[in-house]
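The values are calculated or read from the model by the stated rules, or taken from the named source; none is laboratory data. The structure displayed is predicted, hence computed values, not measured ones. Note that we place each Cβ from the backbone using ideal geometry, even for glycine, and neighbour counts take in every protein chain shown. Heads up: the accessible areas ignore ligands, DNA and RNA and are worked out on the full protein's heavy atoms, side chains in. Shrake-Rupley method; radii C 1.70, N 1.55, O 1.52, S 1.80 Å.
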Amino acid sequence: MSRRLADEYGILLKNLLEFRGSRTTDFTAACICSVVPPLTGMFEDLCRRFFGVTPLLVTSQIDLGMPVRYDNPRDVGADRIVDAVAAVELYGAPMIVVDLGTATVFDAVSRDREYLAGPSRRGSTCRRTRCTTTRRSCGGWSWWRRRRPWGEHDDVVAVGIVLGYAGLVEAMVGRFKAEIGEDARVVGTGGLVTVISDHVPVFDDINQELTLVGLDIIYRKNAAGLPSSGASAGMSRAG
């Protein structure tokens, strides 16, 4: 099954790259940030067989440029580490990263550039919000520019979800700052952050490329330990 899935994803990526005028041979390096163990090995296999490179797998055991101060560093999601590395590199420390995607995640980095982790919340509510908005004729999230704390007709559930999440973000950021410093910068990322940011003035910046930037930084720190096929090159960004 894993072999078949690797082939399927490989063919899909190959076709997408060719559509954008690129080839699999154009890539000299790969870096994987995975929180789905059954797919991790499959994509490692894909990188070797379709791109001819040995990928770097991000874990807490490689050189991240910052220590992970968590009881069991192996339990921290690789995506959270990658975002934190990028945020500190771009904006400095202390740092608070708020990721509003399929899950709602808060990450803290101390003034000494130590990753402290943070709480997370299941993303089911976010998915319900997406489903609610897809039924509206105006489309997307543009109708959320208004700030009234009540809904109209079938909007009441979405109002509660969005403003509830805004309150959650504001409260959590306040608690984080009380611990790591009031001067901590706050960076938001994830698919729903632009919606929530309209209702809570806590973000210093919104950056939807944190994960890509973090992958590039971590790859360059660890490239020397990889096989020669990709060790000397930086991460390629096509299209």
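Computed values, structure above
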| read-out | value |
| --- | --- |
| Residues of the stretch 1-118: accessible area per residue with a 1.4 Å probe, Å² | 50 |
| Stretchable slack from residue 221 to residue 49, in nm (0.36 nm times residue separation minus alpha-carbon distance) | 59.5 nm |
| Mean Cβ neighbour count within 10 Å, used as a protection proxy, ranking 82-92, 48-58, 30-40 highest first | 82-92, 48-58, 30-40 |
| Carbon plus sulfur fraction of accessible area for the stretch 53-111, probe 1.4 Å, in percent | 43 |
| Accessible heavy-atom area order of 80, 113, highest first, probe of 1.4 Å | 113, 80 |
| Theoretical FRET efficiency, 1/(1+(r/R0)^6), r = Cβ-Cβ of residue 15 and residue 212, R0 22 Å, to 0.05 | 0.50 |
| Efficiency of FRET between residue 198 and residue 112 - r from beta-carbon atoms, R0 41 angstrom, step 0.05 | 0.75 |
